[in-house]
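Trainee: Quick one: the structure is below, and I'll ask about it shortly.
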Amino acid sequence: MTIPQEWIKVSLKELGLFGDLKNGFAFKSSDYQKFGIPLIKIGNFNQCQLNFSNADYLPENFINEYSNFLVYEDDLIIAMSGATTGKIAVVKKSDLPAFLNQRVGNLGRLNRKLIFEPYLPYLEIQLKKELITLAPGSAMPNISKPMIEQLHIYLPPLEEQRRIVARVEEVMGKIEEVRSLRQKALDETEAFVTSLHLSLADSKIVTLDEILTLDEQQEQVLFGKQYFQVGVKGFGGGLFAKEAIDATQTTYKAFNCLYEGALVLSQVKGWEGAIGVCPSYLVGKYVSPEYRTFRCIPGKAIPEYLSALVATPWFWTKLKDLNRGMGGRRERTRPEQFLKMKIPMPTVEYQQKAIYFFNKIHKMKPVRVEAIKELDALLPSILDKAFKGEL
């Protein structure tokens, strides 16, 4: 990579005027309380700032005994271990007083002569790249004083940092605008399915046991045989193939074998839309007993119609309300409660007519979802250009 001549090479130590790394302290969890002085943990780092919305607190009388572990305004702090090693944040006046946790270190006061604060999120990504080079092929290394002395990062002049930040925000603003339009189109597609469904159903309400029946084709787990697994994505993501396992890799005595048109419901994650209809290419594969399978009653429901319906936020809300009535977010969605759920439902004649439109929508949805993913993936490329001075 060719670095612009005016960019300077600085050490991580130089980013803090004090230059020394002060380790945090291993406070006991038994000392935590609901109010008091917040404890800075890695989970409190957010876009190079601190967020104490889910913080642990320590008693105020700890200030005298543990004053060495307090931070001050404009202090530069860094995550020193775990998967988030290298994340940085700057302490603001509104964050004070606060203690350092053992996995967080303080590098001293931010050297504002070297770095424009809004540039820190971009610098953080560059810093992580440097850390990975110190331990190729392994987990992110823990940070130590000797390592800080080895880490050097190329930094643009302040005016160039300001220009880069403004340019990145401008480009990302345009990308976000396009992304929002794509997401809106996707949301409107799902809203059309719901709207058409409610219109066709008119005032006809059914319980699910009028259109579905629990039908599980169980197969005993035998030694020497492989069972290709299937999972169900949340939020209408549908069914997906997983790797095969054998008897030594499971504690289940039996699996449910999938058949064409089976409605598959996750007992554990049903409340967040983990439900879908089995397509032909997954027939013969297996799901665990935690996934319950239902068959459409002939003359009452068509699998292709339900496939589009259960993928909508409208249907997830129905499932979530069902679970809330059962006692909480993590409650399993049992077949007996599921089959008693009431929904509007059109006749099979109307369902058959709607399938034509649903198939058209089904073909469009993956294209729109993929377009959103591609837009999200642009950020690393933009930042890479910024770090090379090409933006």
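Trainee: Checking the condition in contact with a strand residue (DSSP E or B) (Cβ under 8 Å, 6 or more places away or on another chain) and modelled with pLDDT under 95, which residue from A311, A377 passes?
Mentor: None of the others qualify; the one that does is A311.
Trainee: Still on this structure, please answer the following. Residues K242, K233, K225: which one is free of Cβ contacts under 8 Å to residues at least 24 places away in the same chain and under 21 Å from the mean Cα position of the chain (by Cα)?
Mentor: Just a single option satisfies the conditions, and that option is K242.
Trainee: Of the residues that sit in region 245-255 and are open to solvent by less than 100 Å² (accessible area, probe 1.4 Å) and either without any contact (Cβ under 8 Å) to a residue 24 or more places away in the chain or acidic (D, E) (or both), which one is nearest to V277 (Cα to Cα)?
Mentor: Among those that are open to solvent by less than 100 Å² (accessible area, probe 1.4 Å) and either without any contact (Cβ under 8 Å) to a residue 24 or more places away in the chain or acidic (D, E) (or both), it is I245.
Trainee: Answer with yes or no whether E65 is of a type outside the set (S, T, Y), farther than 22 Å from F45 by Cα, surrounded by fewer than 15 Cβ atoms within 10 Å (Cβ to Cβ) and in contact with a strand residue (DSSP E or B) (Cβ under 8 Å, 6 or more places away or on another chain).
Mentor: no
Trainee: If you scan region 191-202, which residues turn out to be more than 25 Å from P335 (Cα to Cα) and surrounded by fewer than 16 Cβ atoms within 10 Å (Cβ to Cβ)?
Mentor: If the condition is that a residue be more than 25 Å from P335 (Cα to Cα) and surrounded by fewer than 16 Cβ atoms within 10 Å (Cβ to Cβ), then A191, F192, S195, S199, D202 are the ones that fit.
Trainee: Which is touching a residue at least 24 places away in the same chain (Cβ under 8 Å), in contact with a strand residue (DSSP E or B) (Cβ under 9 Å, 6 or more places away or on another chain), closer than 25 Å to H152 by Cα and not aliphatic (A, V, I, L, M), of K13, K92?
Mentor: Criteria check complete, one pass: K13.
Trainee: Those residues that are without any contact (Cβ under 8 Å) to a residue 60 or more places away in the chain and closer than 21 Å to R112 by Cα, I need them from region 16-46; list them, please.
Mentor: F45, N46
The values are calculated or read from the model by the stated rules, or taken from the named source; none is laboratory data. Worth saying up front: this structure is predicted, and the values here are computed from it rather than measured. When we count neighbours, we look across all protein chains shown, and the Cβ atoms used for this are built from the backbone with ideal geometry, even at glycine. SASA here: full protein model, heavy atoms, side chains in, ligands and nucleic acids out. Shrake-Rupley method; radii C 1.70, N 1.55, O 1.52, S 1.80 Å.
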